[in-house]
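The values are calculated or read from the model by the stated rules, or taken from the named source; none is laboratory data. Since the structure is predicted, the reported quantities are computational estimates derived from the model, not experimental observations. Cβ placement follows ideal geometry from the backbone for every residue including glycine, while neighbour counts extend to all protein chains displayed. Surface accessibility is based on the protein's heavy atoms, side chains included, excluding ligands, DNA and RNA. Shrake-Rupley method; radii C 1.70, N 1.55, O 1.52, S 1.80 Å.
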Amino acid sequence: MSTSLATVSAAQPGPPLWLLAELTYRCPLHCVFCYNPVNFAKTGAEAELSTDDWLRVLRQARAAGSVQCGFSGGEPMLRDDLEVLVAEAHQLGFYTNLLTSGVGLTEARAAALKAAGLDHIQLSFQDSTKELNDFLSHTKTFDLKHRTAQMIKANGWPMVLNCVVHRLNIDYIEQIIDLAVELGAEYLELANTQYYSWAELNREQLLPSREQLERAERVTNACREKLGDKLKIFFVVPDYYENRPKKCTNGWGNIFLTVTPDGTALPCHTAKMLKGIDFPNVRDMSVQDIWNNSPGFNHFRGDSWMKDPCRTCPEKEKDLGGCRCQAYMLTGDASNADPVCDKSFHHQRIQDAVDYAQVPDSQRIVVKPLVFRDIKMSRGLEPASQ
């Protein structure tokens, strides 16, 4: 991305309603679609914010207007102070959400989190079968996730399951929905893979064909009709099969604030890949100052940064040019239109990926091996751009 882009000024933004506290990048799983940075090893445990740092962030974010706090990672259960942070967030008035693989959630910790005031747990599965679930995460966690689901129900939390969907498991959508029903879930998010970080490295192996996607949507709609209010199912279509991009985290620096394990503040969880933008750290600036005044958060606010085709597009207010990270990954310039848009000068790059996804696996001449999230590999990787 060009470093000559000047910081843009924007009208005073509203508050950062949604705080995502990425407590650690450490994780026992090795998922092939992980959205953590591919070079996550550069942020080891020694670089993580301390308990006092996180308590200060929570207080400042609440004072700045944040109302919802998600604790994520990596695996947030690897932080011994998780209960302390949840208790503080609850006391401050946040609605609190834990995003977890389930690893580390014992009955004792579940009771402690309940006592701390945790409102909500989102449990991730990789598939409906033990074999594929454990293969995709490169760990033996399927049975553990079942036990975790039982603990969630026993403690009275809403049962919210998340399954990242892609070429390797999308044909088993009905079985995944059956599993959610079996576990007593009230909500199921079938989140088609978005191709950032590790998923971007594995895109050729993970992007489903149009036929797979359309079949999965038909099955999901049939299950919705059959189940009614028993299970609410959210099916997120992958960007690559859209003609218009989604608004980047509902607008860059609009409602969403991520704080990474080392304290870097970001307008979305993947923005650290963007070159030429200086993102602030909560060790050096207050949350309020970061949100209102930092060059990083103001960089893509408003529309003065746009160039054609976005600048003159009558639909620019709907999508604000789409995802800045996707534009950077696929074009090398974060100020370009998101290539998902068929008006983008680089849309062919999306079309090429979609065309390749239609080729059956059996007819592919070269099949790349899956790249599992691995700390040794992470030390040698940088965020991808083309």
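Taking each residue as 0.36 nm, the span from Asp342 to Val181 lengthens on full extension beyond its C-alpha to C-alpha distance by 54.1 nm. Entry for segment 13-172 at q = 0.08, 0.17 Å⁻¹: log10 I(q)/I(0) = -0.24, -1.05, Debye formula applied to identical alpha-carbon scatterers, no solvent contribution. Let me know the charge dipole size of the chain about its Cα centre in debye, to the nearest 20, where only the beta-carbon of Lys, Arg (+1) and Asp, Glu (-1) is charged. Value, rounded to 20: 240 debye.
Just so you know, the Cα atoms of segment 235-379 work out to an Rg and Dmax of 17.4, 55 Å. Given axes a ≥ b ≥ c from the Cα gyration tensor, I'd like to know whether segment 48-130 is rounded (a/c under 1.5), prolate (a/b larger than b/c) or oblate. Verdict is prolate for segment 48-130.
Rounded to the nearest 5, the antiparallel percentage of DSSP beta bridges internal to the chain is 10%. Considering all different alpha carbon pairs of segment 152-255, the Kirkwood hydrodynamic radius works out to 15.0 Å. If you look at the Cα atoms of segment 250-292, you get an Rg and a Dmax of 9.7, 27 Å.
For a quick check of your reading of the filter: which GluC sites (Glu not before Pro) in segment 70-141 sit in a DSSP loop and have no more than 11 other Cβ atoms within 10 Å? Sites meeting the loop and neighbour criteria: none at all.
Placing dummy labels 7 Å off each Cα toward the beta-carbon, the span from Asn250 to Asp284 is 2.9 nm.
Its Cα gyration tensor gives segment 9-86 an equivalent ellipsoid, and the semi-axes of that ellipsoid, as √(5λ) in whole Å with the largest first, are 25, 17, 12. For segment 288-350, the solvent-accessible area works out to 37 Å² per residue, with a probe of 1.4 Å and every protein chain left in place. One quarter of the surface of the convex hull around the alpha-carbon atoms of segment 122-200 equals 5.1 nm², the direction-averaged projected area. Temperature 25 °C, viscosity 0.890 mPa s: under these conditions the Stokes-Einstein estimate for the chain, based on its Kirkwood radius over C-alpha pairs, is 113 µm² per second.
Put the Cα centre of segment 211-254 next to the Cα centre of segment 114-132 and the gap is 20 Å. For the chain, the share of accessible area belonging to carbon and sulfur comes to 52 percent (1.4 Å probe, ligands and nucleic acids excluded). Segment 276-332 and segment 188-208 have Cα centres lying 23 Å from one another.
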